[in-house]
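Asks: Dropping a structure here in structure tokens format, bear with me for questions.
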Amino acid sequence: MKISGSGSIRSGATRRVERKGGGGAAFRIEAGKAAEAAGQSQAAASVAGVGALLALQEVPDATEQRRRAVKRSDDILDELYQLRIGLLSGSVPRQRLRRLMKLLQDRPGGYADPQLDSIISDIEVRAAVELAKLELTEAVRN
């Protein structure tokens, strides 16, 4: 398809009808208190709608909660693995125990499984005991 020329896109059949003078009343909207109140309520409704959307975005969905839980559990397992290596080599860094304690104590909402909660509590107690032993050993040396 070839396009030639840059002529007007208006058709020739359309004509404007102009009124001249006329005795009829013109249509007018009176800008009064009712119109102003309607504008304010409309603005408030749109602000409330934006607030609701922002609040909805802040609420984590199930997949986000699962992703955080998986990352947290991976971090705990990594720390336990590093702790095991430290125990086998004969030196347990205090920083590892403190980080493990922090990860274990940070339980948003706890765990749904009571057995898992019990296991985590046992690990937390054991890490606290090891940390206390390290601090006691360092206090005796100094």
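All of the numbers you see were taken from the coordinates with simple rules; none came from a lab. A quick note: this is a predicted structure, and the numbers were derived from the prediction, not measured. Glycine gets a Cβ as well: all are built from the backbone with ideal geometry, and neighbour counts include every protein chain shown.
Asks: Can you put LEU116, LEU83, LEU100, LEU131 in order, fewest other beta carbons within 10 Å first? All intermediate terms of the calculation are to be shown ahead of the outcome.
Replies: Numbers: LEU116 12, LEU83 20, LEU100 24, LEU131 17.
Going from least to most buried by this count: LEU116, LEU131, LEU83, LEU100.
Asks: A further question on this structure: Measure off 7 Å from each Cα along the Cα-to-Cβ vector at ASP74 and ALA52, then give the distance between these two points in nanometres to one decimal.
Replies: In this crude spin-label approximation the distance works out to 3.7 nm.
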